[in-house]
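All remarks here apply to the structure that follows.
Coordinate-derived values only; no laboratory data. These numbers were taken from a predicted model, which means no experiment stands behind them. Here the Cβ is made from the backbone with ideal geometry for all residues, glycine too, and neighbour counts use every protein chain on show.
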Amino acid sequence: MNNVKCKKYFRPETLLELKDFLKNTSENVSYIAGGTDLILHAREKDIYENNIIVDIFNLKELKGIKEEGDKIVIGAGATHTDVEQSDIVNKYAKVLALACRSVGSVLIRNHSTLCGNICNASPAGDSLSSLAVLGAKLRVLRDDKIIELDFFDVIDKPEVNKLQNKDLVVEIVINKLDENVKCDFFKLGRRKALAISRMTISTICKTDESGNVVLFNITCGATFPKPMTFEDVNNILIGKKPSKELIDEVAKKLSDKIPEIAGIRKSTAYKQPVCEKMVKRVLSKMLLNEEV
Amino acid sequence: MKIDFTLNNKHITLDTEPTKRLVDAIRDDLSLTGTKIGCEVGECGACTVVIDGEAVTSCLVLVGQVQGKNVLTIEGLSELEIGRILQKCFVENGAVQCGFCTPGMLMSAYALLNKNQNPSKEEIKEAMSGNLCRCTGYVPILNSIEKAKDELKTLSKK
Ligand code: FES
Ligand code: FES
């Protein structure tokens, strides 16, 4: 293949250098972190020909995963492997570690970034359903200031985000869950490694001493046009003791959202029953310790 | 653009287009053709190289991104003790047939054993999950890595 065609390639050494550059340019900017998606897109079409490619992968300020009080902060340069192996993420947001572990293969995870997964808004983005149940926020560098945007508001529709030109997502922010929150992530693909998601399911749940659910969130990914969670689905379990009947109700309600939101498509006949079955399986194992 | 990095333990400066794929820079600019090109979309692992200790698909990395990094290709691995052991085990255990996947397989195996001297069968499978082989059926490859692991252990005890 030829090179990725672009107007210019710029690799700032520091965030300061990047900010200076952004202040002084009115060109279209495309950021590259790991690049595993950008290079593939460029293969199909010269879509970056008139853009400046800004390489942020090695910016030290954007590497790493840290704690900030009751929050986890994940830098835009953190790879899926970094997130999957992070002690902080495994302790306080395990569902995200599990989701990152399901991305591509080790070879891809070692270079692709979680932030890239969000910004590319891939409909099959494996991590997105886990970020949805965690209610992630994004810190975005816009006009030399950092603003915080809701993750749900940034992804518009498949492969389209709502960021403005030059906006750079610098960090992903997640509220820590306490250590006894149960969670699970499930990915349905056509093969074990390198599968493109047909569907993912992410869930988190916490019960109090008497066994009543005090926190519950579940959603599926690679299913809706953008990441979503549903209060009416979550409310089925909240305040109650998990039972087979309630789990069946959650499964039915969540799977009914598929035709409701995505409309009836060819895949609906497949996705709706699969979603129902998978939700039952995941929740029965997680909450009742039963295999179904 | 000039890109400074370490390639196979030697510092080099490469003057090339930074938006060239790393695999093309390695094969065309540097004439190291041990790294293969298969699918070109990150699915086969034929182009695997190791950057700062991590195995990656070099068809999905731009050469500009390796500025300041340490890149190891199959040519560099063949000069290391661990590379020679892996090569011997692959040959002795029938892990090489057409050989097209072999450089990538060896790089992934190296990245694993370099980090984890005692990987379980599952960990070996996981580490090799991004490398496809159309000939061997994988079992001889996995066995070879087990053997290499044992040989490396014996070596480190000496
Ligand atoms: S050629 Fe790079 S993964 Fe196949
Ligand atoms: S030996 Fe032929 S592809 Fe693996």
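For the stretch B:1-80, state which GluC sites (Glu not before Pro) are in a DSSP loop and have at most 13 other beta carbons lying within 10 Å of their beta carbon.
Numbers: sites: B:E40, B:E43, B:E54, B:E75, B:E79; in loops: B:E40, B:E43, B:E79.
Here the sparse-neighbourhood loop sites are B:E79.
Ranking A:G125, A:T268, A:L107 by how far each Cα lies toward the positive end of the dipole of chain A (charges on Cβ) leaves A:T268 at the top.
After finding the eigenvalues of the alpha carbon gyration tensor for chain A, what semi-axes result from the square roots of 5 times each, listed largest first in whole Å? Present the calculation step by step, with values, prior to reporting the outcome.
Details: eigenvalues 244, 89, 52 Å².
Taking √(5λ) for each eigenvalue gives 35, 21, 16 Å, largest first.
Using the Cα centre as the reference, give the magnitude of the dipole from point charges on the C-beta atoms of the stretch A:8-54 (Lys, Arg: +1; Asp, Glu: -1; all else neutral), rounded to the nearest 20 debye.
Details: 6 positive and 8 negative charges, 9 e Å.
For the stretch A:8-54, the charge dipole is close to 40 debye.
With the biggest extent put first, the Cα atoms of the stretch A:96-147 measure 36, 24, 19 Å across the principal axes. Across chain A, the relative contact order, built from alpha-carbon pairs under 8 Å that are at least six residues apart, equals 14 percent. Which of the listed residues, A:Q164, A:T81, A:F10, is farthest toward the dipole's positive end in chain A, when Lys, Arg count +1 and Asp, Glu count -1 at the beta-carbon? Looking along the dipole axis, the top candidate is A:T81. A simple spin-label model places pseudo-atoms 7 Å from Cα toward Cβ; at A:E13 and B:C135 they are separated by 4.7 nm.
The label-point distance for B:D150 and B:K2, in a model that sets each label 7 Å from Cα toward Cβ, rounds to 5.1 nm.
Hey, got the dipole for the stretch A:171-292? About the Cα centre, +1 on K and R Cβ, -1 on D and E Cβ, debye to the nearest 20? Write down the numbers at each step before the final one.
Working: 22 positive and 16 negative charges, 172 e Å.
Roughly 820 debye for the stretch A:171-292.
Taking 0.36 nm per intervening residue step and subtracting the Cα-Cα distance, what contour gain separates A:R43 from A:D232 on full extension? Full extension from A:R43 to A:D232 adds 63.8 nm.
Full extension from B:N9 to B:N70: what is 0.36 nm times the residue separation minus their Cα-Cα distance, to one decimal in nm? Please report the intermediate quantities before stating the final value.
On the way: separation 61, 0.36 × 61 = 21.96 nm, distance 0.75 nm.
Here the segment from B:N9 to B:N70 would lengthen by 21.2 nm.
Once the Cβ-Cβ distance of A:R198 and B:K158 is raised to the sixth power relative to R0 = 45 Å, the FRET efficiency obtained is 0.35. Sequence-distant contacts, meaning Cα pairs under 8 Å at least 6 residues apart, place the relative contact order of the stretch A:182-288 at 22 percent.
How high is the FRET efficiency from B:V91 to A:K206, r the C-beta distance, R0 51 Å, rounded to 0.05? Efficiency for this residue pair is about 0.40. Using C-alpha pairs under 8 Å with a sequence gap of at least 6, the mean separation divided by the residue count of chain B gives a relative contact order of 24 percent. Charged side chains reduced to their Cβ positions (Lys and Arg at +1, Asp and Glu at -1) give chain A a dipole of some 960 debye around its Cα centre.
In chain B, the longest principal axis of the Cα atoms and the axis of helix B:102-115 are about 80 degrees apart. Shielding by partners for peptide A:32-39, expressed as the average number of C-beta atoms from other protein chains within 10 Å of each residue's C-beta, is 5.
Would you please state which residues of the stretch A:1-39 a label at A:E61 would reach in this model, taking the label point 7 Å out along Cα→Cβ and a backbone N cut-off of under 19 Å? Hits in the stretch A:1-39 for A:E61 at 19 Å: A:10-26, A:29-34.
Hey, got a sec? Which GluC sites (Glu not before Pro) in the stretch A:176-259 land in a DSSP loop and have at most 16 other Cβ atoms within 10 Å?
A:E179, A:E209
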